[in-house]
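The values are calculated or read from the model by the stated rules, or taken from the named source; none is laboratory data. The structure presented is a predicted model; accordingly, all values stated were derived computationally and were not measured. Virtual Cβ from ideal backbone geometry, glycine too; neighbours counted across all protein chains shown.
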Amino acid sequence: MTNPAHGLSDEFAHFVQELALYITNADNKLAKRIEALEIRLENFRDREAWREGEAYYEMNLCTHDGSTWLCKRATTSKPGTDDSWRLIAKRGRDGRDGEPRKPSQRSRPLP
């Protein structure tokens, strides 16, 4: 049959309605995903050195014992003690104590 209001078949009109509903639902899902990502990005910041008793949230970065850690979910735990944290950069070894180098020709600033 043809829908007299639009000159479309009922089948095609139904298809267009279903397509519009699908697009609306997809748009709503996408909007929710974007909102969740925006929240995560707001939390993506350097909290500097870890402090006991302070709350850390997903995507917070901090340092502890010379290593850099990324918080995976809200926690007050110490980095490295449970799976709330992901190690990003492990502390390196301390360098040897040595004598200071004397300035060389190469270390002088250019004129």
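Structural remarks
Results for (1) at pLDDT 90 or above; (2) on the phi > 0 side of the Ramachandran plot, shown as yes or no for each residue.
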{"site": "Leu8", "(1), (2)": "no, no"}
{"site": "Asp27", "(1), (2)": "no, no"}
{"site": "Ile39", "(1), (2)": "no, no"}
{"site": "Glu42", "(1), (2)": "no, no"}
{"site": "Glu58", "(1), (2)": "yes, no"}
{"site": "Thr63", "(1), (2)": "yes, no"}
{"site": "Gly66", "(1), (2)": "yes, yes"}
{"site": "Leu70", "(1), (2)": "yes, no"}
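- Counted residues, region 27-62 - those being farther than 19 Å from Leu87 by Cβ and without any contact (Cβ under 8 Å) to a residue 12 or more places away in the chain: 14
- Pairs with Cβ under 6 Å, 6+ apart, first in region 76-97 and free of Cβ contacts under 8 Å to residues at least 12 places away in the same chain, second surrounded by 11 or more Cβ atoms within 10 Å (Cβ to Cβ) and hydroxyl-bearing (Ser, Thr, Tyr): Ser77/Ser84
- Number of the exception - Glu48 against (1) surrounded by 10 or more Cβ atoms within 10 Å (Cβ to Cβ); (2) closer than 19 Å to Ile88 by Cα; (3) acidic (Asp, Glu): (1)
- Output for region 82-107, where each listed residue is modelled with pLDDT of 75 or more and more than 17 Å from Arg47 (Cβ to Cβ): Asp82, Asp83, Lys90, Arg91, Gly92, Arg93, Asp94, Gly95, Arg96, Asp97
- Residue that is nearest to Ala89 (Cα to Cα) [pool: residues in region 51-67 that are surrounded by fewer than 16 Cβ atoms within 10 Å (Cβ to Cβ) and of a type outside the set (Asp, Glu)]: Gly66
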